[in-house]
Amino acid sequence: MQKIKQSNSAISKPMPNKAPALVLQQLENEITSNKIASTYIIFTNDNVIVDEIVGLLKEALLTPGFETFDFDLLHCRDIGQAEILAKVFTPPFQAQKRLIVIKDILKIPEAERCELLTKLSKPRGFSVTVVATEWDRSLSNFVESLVEHRETEIAVYNFYKPFLSDLKEQVRRWAQVQGVVVDSDAIDLLIELAGDVPDILNKELEKIAILVGPGRRITEAMVRRLAAQSRDYELNELVTAIAEKKLNKSLKILSHLETWGEEPVKIVGWLGNSLFQLLRVKELKCDPTTVAKELNLRPTSLLLKNLISQAKNWTRKSLNHCLVELATMDSAIKKGHPQPYFLLESFLIRNLEMEI
């Protein structure tokens with residue numbers, strides 16, 4: 001198979017905002033035409049994009065009914081390089097090729113990361129690897145050097161906004177002015193939590209710098225700990241987005257909660273309580289007086305108005321179906337399901353409409 005170059009623009013520069021849909025279409029055309037590389041580097045923090053790409057590759061490579069035997073989702077923070085390579089270089093059981101998805105590659109030391117990517121870039125006829133990662137300048141430069149090497153087979157797709165790398169550099173400069181050093185992982189998490197509006201980002205960084213004190217290093221763990229107080233707020237935002245059947249917003253908030261390390265069982269509990277409340281509102285025929293009395297709410301309260309409005313997005317049948325799914329999911333997670341957030345994402349995609 002001929003070596004596959006990176007898509008469109010040079011990978012040292014993130015792709016324009018209008019490009020992702022076109023690039024995704026290009027990738028779909030290549031996969032359906034059986035022009036499949038041994039290794040894909042996907043620069044994105046959007047799980048929806050990753051899931052769509054992985055879905056295309058599953059359809060092209062895996063044998064229905066045997067996906068469990070020939071598919072692996074690996075997190076570098078939880079598994080060593082030797083075990084990753086063992087999965088990659090294991091022949092398929094029933095599939096045309098094995099499919100391995102690797103996440104969190106930025107969580108391992110740079111030298112180890114480069115060594116792993118070098119080994120993954122070698123052509124092989126029995127497996128396909130997808131490395132899904134946030135954009136990082138040093139990682140991008142190294143991948144670019146791999147692409148230029150004649151003996152590699154690697155395809156690179158960059159879905160990042162064009163200003164993200166510049167924004168990260170700006171955060172580093174702000175940190176220097178405030179007398180602190182901030183780790184790359186901490187910057188990524190800060191942008192994820194605070195958003196990409198520079199003024200807001202600068203204010204959040206300033207708060208953290210004051211708390212840690214001058215001359216200190218701000219780590220990802222520090223940012224995560226300071227963000228913990230915001231989790232309940234995000235959980236409220238999640239149940240509201242689900243009640244309003246807004247898929248895109250729900251997936252984004254769920255991604256935030258996963259980044260913060262929220263317990264999946266707690267999320268299931270919040271969703272179950274919220275949807276059960278909506279079901280009760282439906283059973284009371286959305287009558288404000290009856291609902292207010294049942295739920296002990298003021299007849300003029302905004303919460304009552306919102307509940308009735310949200311309940312109208314659902315049928316009793318769909319709410320009952322969701323509650324059964326959540327009960328099954330809760331049991332699976334408590335029994336040690338290896339991918340609880342995948343279960344939550346799948347639940348949202350099955351039961352919510354696309355946000356317009």
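The values are calculated or read from the model by the stated rules, or taken from the named source; none is laboratory data. Quantities reported herein were computed from a predicted structural model and do not represent experimental measurements. Cβ: placed from backbone, ideal geometry, glycine included. Neighbour counts: every protein chain shown.
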Criterion violated by Lys35 - all others in (1) of a type in the set (D, E, K, R); (2) in a loop (DSSP other than H, G, I, E, B); (3) crowded, with 17+ Cβ neighbours inside 10 Å satisfied | (3)
May I ask you to say which residue of Arg172, Arg217 is closer than 21 Å to Thr133 by Cβ, surrounded by fewer than 18 Cβ atoms within 10 Å (Cβ to Cβ) and not aliphatic (A, V, I, L, M)?
-> Arg172
Looking at Thr300, is it at negative phi, free of Cβ contacts under 8 Å to residues at least 12 places away in the same chain, surrounded by 13 or more Cβ atoms within 10 Å (Cβ to Cβ) and among the β-branched types (Val, Ile, Thr)?
-> no
Note on the stretch 48-80: residues of a type in the set (A, V, I, L, M) and either over 19 Å from the mean Cα position of the chain (by Cα) or not in a helix (DSSP H, G or I) (or both) are Ala60, Leu61, Leu62, Leu73, Leu74, Ile79
Matching residues in the stretch 299-311 (part of a helix (DSSP H, G or I) and not aliphatic (A, V, I, L, M)) number 4
Among the helices (runs of 4 or more DSSP H) confined wholly to the stretch 202-298, which include 1 or more residues that are among the aliphatic types (A, V, I, L, M) and under 23 Å from the mean Cα position of the chain (by Cα)?
-> 220-227, 231-243, 247-260, 264-283
All but one of (1) part of a helix (DSSP H, G or I); (2) surrounded by 12 or more Cβ atoms within 10 Å (Cβ to Cβ); (3) modelled with pLDDT of 90 or more; (4) not acidic (Asp, Glu) hold for Trp314, so report the exception by its number.
-> (1)
Where a residue in the stretch 175-187 is more than 10 Å from Glu206 (Cβ to Cβ) and modelled with pLDDT under 90 and its partner, wherever it lies, is crowded, with 18+ Cβ neighbours inside 10 Å and of a type in the set (Asp, Glu), with Cβ under 6 Å and at least six apart = Asp185/Glu220; Ala186/Glu220
What tally of residues in the stretch 100-138 results from selecting those that are closer than 25 Å to Ile191 by Cα, over 19 Å from the mean Cα position of the chain (by Cα) and crowded, with 22+ Cβ neighbours inside 10 Å?
-> 0
Under the condition of being charged (D, E, K, R) and free of Cβ contacts under 8 Å to residues at least 12 places away in the same chain, which residue from the stretch 235-284 is surrounded by the most Cβ atoms within 10 Å (Cβ to Cβ)?
-> Lys252
Return yes or no: is Gln339 surrounded by 17 or more Cβ atoms within 10 Å (Cβ to Cβ), touching a residue at least 60 places away in the same chain (Cβ under 8 Å) and polar (S, T, N, Q)?
-> no
Pairs only if they're at least six apart or on different chains, beta carbon under 7 angstrom, first in the stretch 113-135 and in a strand (DSSP E or B), second of a type in the set (D, E, K, R); list them, first residue then second.
-> Ser127/Lys97; Ser127/Arg98; Val128/Lys97; Ala132/Lys103
